[in-house]
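The values are calculated or read from the model by the stated rules, or taken from the named source; none is laboratory data. These numbers come from a predicted model, not from an experiment. So basically every Cβ, Gly included, is an ideal-geometry build from the backbone, and we count neighbours across all protein chains shown.
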Ligand SMILES: N[C@@H](CCC[C@H](NC(=O)CCC(=O)O)C(=O)O)C(=O)O
C-alpha cells in the first residue's frame, strides 16, 4: 500500500525565492523546516543548492543571539563550530543527501496515521475514518505528518540540528555542527570521509551524535555493509542454436538459490540485537534478443553485525559463493554500540532513552574509527528510510529537538 494523502488536508512544500531565506523563515519550527528541507531535492551528487542554503542559515544563526560559529566548508560539507573554550566538545552530524526520488517529491504535510515507534502500523494513510480505512486503522490517532523523500532519512534530523543550533544560548559544552554530502552512496564518496582526510581537526570531539532516524531515541553502533558482484560466465551463441553456447544467466540461478536459502542471523553485541540481512540488490546480463549471454552479474549486499569485520564478511561471502567469481565493490565496517562509555551513559540518562541496535550503516562507524564515541539519535522511524512512503511525525521532530536543546544547554 502506498500513501495517498487526502487532498483537502494536504499542503505541499514548494520553495520560492532565496533558499536560505526559505529555510530561515521556519528556523523555530522543526516540522515546517523538515518539509522545507525536503523540498530542496538533494539526491546524492546534487547537494550544492541545499548546502548553500544551510550555509546561509548558519551564517545568520552565527550573527544572532547565540554563540558565534566558525563556519568551514569543504565541497558540500559544512562544519560550524562554537569556540567557547568548554572542556568538552559534542559533534552533531547529519547528511544532506537522500536516495533517489520515487514519486515522493514535492513533500507534503497532512494529518493521517503514521507508523509507530516500532513500525507496527503500516503506511501513513488518510485521517481517521477516511473512506477505505479499516476499523483498526480508524482507531489509530491521526497525526501531523511530513511525507516525502528524505523526511525520515534524514531531513528531519537536519531540521533538528538547525533549530537546535538557532535555539542554543549558553551550551555547557562546545558544539560542532556537521552537514555533509554523499552519505547514501559508495563509501569512497562520503563527505565526512573526505573531511576526515583533508581536515581531520574539523571532526575533533569527545562525543558524536548522528541525527539518523532512530525514533527520537538512541540506536547504538551500526551494522557493517559490504557489496560484492558475483559473476557467472558462459559462452555466447545464436539463441536459435543455444546448444552451441553456455547461458550465463541460467548459471546465475544457483547464485540466487544460495541467497534465497540463506537464513540471516541476529547477533547480540554488547546487549543490543543486530539483525543481519543478505540481499541481491541488482542483476544484469544479456547481449541481444537473439544471443545466448556469456556473462551475468548479481550484485549482493550483506549487512553484517558489528562483532564481525569487513574482512570476515568478505570471507563469508566468498565461501557462500564458492565456485563463482566474486569481486568486492564497496565495504564499510560496522561499529559496536560503545554505550558503556561515561559520556554515552550521560547522554542516555539525559534522554531517558532505552537504546536499540542500528541496522543501517551510519557514520557512527567513522567516528568510532576516529576514536570519538558516537550514537544515532534522530527523529523518524528507520523502517521507513528509503521507502516510497517515507515520512516523519512532526511531534517526533519536535520532541527530538527539545531533547537535544535540553542536553546541550543543561546536560
Ligand atoms: N556506503 C554505504 C552508505 C549507506 C548508508 C545508508 N544508511 C542509512 O540508510 C541509515 C539510516 C538507517 O538505517 O537508519 C545505508 O545503510 O544504506 C553504502 O553505500 O552502503
Checklist entry - Of the numbered conditions (1) modelled with pLDDT under 95; (2) in contact with a strand residue (DSSP E or B) (Cβ under 8 Å, 6 or more places away or on another chain); (3) part of a helix (DSSP H, G or I), residue 4 satisfies every one except a single condition; which is it? => result (3)
Checklist entry - Out of 402, 395, which single residue is in the same structural domain as residue 154 (by the TED database), free of Cβ contacts under 8 Å to residues at least 12 places away in the same chain and away from the ligand (no atom under 15 Å from the Cβ)? => result 402
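Can you pull out every residue in region 48-73 that is under 21 Å from residue 392 (Cα atoms) and out of contact with any strand residue (DSSP E or B) (no Cβ under 6 Å at 6 or more places or on another chain)?
The first filter runs over region 48-73 and keeps only residues under 21 Å from residue 392 (Cα atoms), leaving 50, 54.
50, the sole residue that qualifies.
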Next on the checklist: Tell me yes or no: at least one residue of region 207-223 is away from the ligand (no atom under 14 Å from the Cβ) and out of contact with any helix residue (DSSP H, G or I) (no Cβ under 9 Å at 6 or more places or on another chain).
Outcome noted: no
Item to check | Counted residues, region 362-389 - those being buried (at least 22 other Cβ atoms within 10 Å of the Cβ), within 11 Å of the ligand (Cβ to nearest atom) and assigned to a loop (DSSP other than H, G, I, E, B) | outcome: 4
Next on the checklist: Please determine whether any residue of region 192-201 is closer than 20 Å to residue 401 by Cβ, over 15 Å from the mean Cα position of the chain (by Cα) and either in contact (Cβ under 8 Å) with a residue 60 or more places away in the chain or not assigned by the TED database to the domain that holds residue 378 (or both).
Outcome noted: no
Item to check | Single residue of region 274-300 satisfying the filter (within 20 Å of the chain's Cα centre (by Cα) and surrounded by 17 or more Cβ atoms within 10 Å (Cβ to Cβ)) that is nearest to residue 186 (Cα to Cα) | outcome: 300
Checklist entry - In region 336-351, what residues are touching a helix residue (DSSP H, G or I) at 6+ places or on another chain (Cβ under 9 Å), away from the ligand (no atom under 16 Å from the Cβ) and assigned to a loop (DSSP other than H, G, I, E, B)? => result 336, 338, 339
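Every residue, every condition in (1) modelled with pLDDT under 95; (2) at positive phi; (3) touching a helix residue (DSSP H, G or I) at 6+ places or on another chain (Cβ under 7 Å), yes or no:
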| residue | (1), (2), (3) |
| --- | --- |
| 320 | no, no, yes |
| 323 | no, yes, no |
| 353 | yes, no, no |
| 364 | no, no, no |
| 371 | yes, yes, no |
| 379 | no, no, yes |
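Could you say which residue among 354, 319 is surrounded by fewer than 14 Cβ atoms within 10 Å (Cβ to Cβ), under 21 Å from the mean Cα position of the chain (by Cα) and not in a strand (DSSP E or B)?
Working: 319 fails: under 21 Å from the mean Cα position of the chain (by Cα).
Selected residue: 354, the only one of 354, 319 that is surrounded by fewer than 14 Cβ atoms within 10 Å (Cβ to Cβ), under 21 Å from the mean Cα position of the chain (by Cα) and not in a strand (DSSP E or B).
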Item to check | Residue, nearest to residue 318 (Cα to Cα), within region 232-248, restricted to residues that are out of contact with any helix residue (DSSP H, G or I) (no Cβ under 8 Å at 6 or more places or on another chain) and buried (at least 18 other Cβ atoms within 10 Å of the Cβ) | outcome: 248
